[in-house]
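A.B. asks: First the structure, which I've put down as structure tokens, then a few questions once you've had a look.
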Amino acid sequence: MLGIDFIKGNREAVERAIEVKCVKLDLGEVLNLDGEVRALKTEIEKLRAERNAISGRFKDAAPEEKAELGRKAKEAGARASELEADLGAKQEALNALLLLAPNIPYEGAPIGPDESANVVVRTEGKPPKFGFEPLDHVELIEKNDWADLSRITQVSGSRTYCLKGRLALLETKLMGWALEKIAGAGFTPITVPAIARPEAFFNQGQFPGHMEETYHLPEDDLWLAGTAEVALTSLHSGEIIEADKLPVLYAGYSPCFRREAGSAGKDVRGLLRVHQFVKVEQYVICEADAATSAEWHSKLLALAESLLQALEIPYQVIETSTGDMGLGKYRMNDIESWVPSLGKYRETHSCSTLHDWQARRANIRYRGADGKVRFAHTLNNTALASPRILVPLLENHQTEDGRVKLPKALQELMGDEFL
Ligand SMILES: Nc1ncnc2c1ncn2[C@@H]1O[C@H](COS(=O)(=O)NC(=O)[C@@H](N)CO)[C@@H](O)[C@H]1O
């Protein structure tokens, strides 16, 4: 969310953000509504003052004057409550539009409508050259009985899976390994529920635009989050954090649920795109300073890259385009890991800087060293998400006989050179 004062003071920049992020929002309508709300507030104040002035005169008034004063006070009161109803409706309409206001994108973000405009900024590690015909992750799984990808669909429907045997163990250990790595970088490990109230999704930015992507529990008016970012954004909602408690750093672990309503036909084979998965999430609440946010953005990215380097997975870092980064982002860098069977890189991580766009929605503030209270900045990044990460992990490290040689970092974890 952008502050209305920011919008009024930066109308051109906001109009440009609307355009380059392909957002449907009429800024003129927002500013008109804001004008009407302010006018109504002034009018109501005036009426209240009038009514107070009248009642102030009431007690000393002559008897015949009291009736007239009483009528005037009642009239002013009635008029004020009429205007208050109108103010409520206009304020609601204004807030709904403000939720759609896009954050100003990073000046270095490629301009474009979607991921086709994304730019590769760095490539690390070399895709393996197999001396044999490599298998894809489903074939490797079937050969080693490492998952059930078929009978489970009669239980849970499409895009579900069971990991089995050593692959089930690997996923759990891998998540613990990632949690410890991020915790080792000073982030507080925290396990969060996927269950959350609708307000948490409005605060994080998933709502109102992506409700159809989210599982709903209607009887309780609860929803299932697709990322720990939802809970972590609202954990400090309404608080004023003291400056010496910043930055707040969380390594959030949670199950993640996504309807993938918009992905029909995409990645239907195997583990790339499923309805339920697990993720270790990096989350930062820091002071409202662009340079501080930029520093944290680089740190979050470097941490995710260090995990991929330890897993010996070749990857590339992407500068995400204005049309692909989404409403609330100032800047987004995705990391894409090499998937041999596809012969291309696929997104496995997403690192975002949001400045105060989320903090305004979630009302996360802090008292600076100067004593002033401001909205904070927030950032988030994937540390590791499974089962998607298993796809490049299995495929890149497969051997000719269909086994998987573990990267050194995992050999001790799994007590063997091979999965
Ligand atoms: N349907 C899915 N199935 C499997 N993995 C998924 C799915 N959706 C997302 N992921 C994994 O979760 C990662 C983060 O998802 S994201 O939407 O891009 N970004 C976020 O959720 C941010 N909070 C940063 O983690 C993705 O890069 C991917 O690795």
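A.B. asks: Counting only residues that are among the acidic types (Asp, Glu), touching a residue at least 24 places away in the same chain (Cβ under 8 Å) and more than 29 Å from ALA359 (Cβ to Cβ), how many does the range 78-124 have? Write out each step before concluding.
C.D. replies: Filtering the range 78-124 down to residues among the acidic types (Asp, Glu) leaves 82, 84, 86, 92, 107, 114-115, 124.
If we keep only those that are touching a residue at least 24 places away in the same chain (Cβ under 8 Å) too, we end up with 84, 86, 114-115, 124.
Retained after the next criterion (residues that are more than 29 Å from ALA359 (Cβ to Cβ)): 84, 86, 124.
Summing the residues that are among the acidic types (Asp, Glu), touching a residue at least 24 places away in the same chain (Cβ under 8 Å) and more than 29 Å from ALA359 (Cβ to Cβ) in the range 78-124 gives 3.
A.B. asks: A further question follows. Restricting to the range 250-271, give me the number of residues that are away from the ligand (no atom under 11 Å from the Cβ) and on the phi > 0 side of the Ramachandran plot.
C.D. replies: 1
A.B. asks: Which condition from (1) of a type outside the set (Ser, Thr, Tyr); (2) surrounded by fewer than 15 Cβ atoms within 10 Å (Cβ to Cβ); (3) within 11 Å of the ligand (Cβ to nearest atom) is the one that ASP416 breaks?
C.D. replies: For ASP416, the exception is condition (3).
A.B. asks: Quick one: in the range 351-403, which of the residues that are more than 15 Å from the ligand (Cβ to nearest atom) and polar (S, T, N, Q) is surrounded by the most Cβ atoms within 10 Å (Cβ to Cβ)?
C.D. replies: GLN398
A.B. asks: Residues that are among the hydroxyl-bearing types (Ser, Thr, Tyr) and closer than 26 Å to LEU410 by Cβ: find the strands (runs of 3 or more DSSP E) completely inside the range 191-308 holding 1 or more of those.
C.D. replies: Details: elements: 215-217, 222-224, 240-242, 248-257, 276-286.
Fully inside the range 191-308 and qualifying: 248-257, 276-286.
A.B. asks: To continue, here is another question. Does any residue of the range 308-330 turn out to be within 10 Å of the ligand (Cβ to nearest atom), touching a Phe, Trp or Tyr at 6+ places or on another chain (Cβ under 8 Å) and at negative phi?
C.D. replies: Checking the range 308-330: not a single residue is within 10 Å of the ligand (Cβ to nearest atom), touching a Phe, Trp or Tyr at 6+ places or on another chain (Cβ under 8 Å) and at negative phi.
A.B. asks: Among LEU31, LEU25, which is the only one that is touching a residue at least 12 places away in the same chain (Cβ under 8 Å), part of a loop (DSSP other than H, G, I, E, B) and assigned by TED's automatic domain parsing to the domain that holds SER81? It would help to see each step written out before you state the result.
C.D. replies: Numbers: LEU31 fails: part of a loop (DSSP other than H, G, I, E, B).
When all the criteria are applied, what remains is LEU25.
A.B. asks: Kindly indicate whether any position in the range 327-334 is in a helix (DSSP H, G or I) and of a type in the set (Lys, Arg).
C.D. replies: Taking the range 327-334 and keeping what is in a helix (DSSP H, G or I), we get none.
Checked against the condition, which is being in a helix (DSSP H, G or I) and of a type in the set (Lys, Arg), the range 327-334 yields no hits at all.
A.B. asks: Ok, one more. Residues VAL192, VAL230: which one is β-branched (Val, Ile, Thr), in contact with a Gly (Cβ under 6 Å, 6 or more places away or on another chain) and under 30 Å from ALA101 (Cα atoms)? Give the steps one after another, and end with the answer.
C.D. replies: Values: VAL230 fails: in contact with a Gly (Cβ under 6 Å, 6 or more places away or on another chain).
From the options VAL192, VAL230, the qualifying one is VAL192.
A.B. asks: Let me ask something else about it. Quick one: which residue in ILE111, ILE182 is under 22 Å from LYS279 (Cβ atoms) and either of a type outside the set (Phe, Trp, Tyr) or assigned to a helix (DSSP H, G or I) (or both)? Break it down into steps so the answer makes sense when it comes.
C.D. replies: Numbers: ILE111 fails: under 22 Å from LYS279 (Cβ atoms).
That would be ILE182, the only listed residue that is under 22 Å from LYS279 (Cβ atoms) and either of a type outside the set (Phe, Trp, Tyr) or assigned to a helix (DSSP H, G or I) (or both).
The values are calculated or read from the model by the stated rules, or taken from the named source; none is laboratory data. This one's a predicted model, so the numbers in the text were calculated from it and none came from an experiment. No Cβ is skipped: glycine too gets one built from the backbone with ideal geometry, and neighbour counts run over all protein chains shown.
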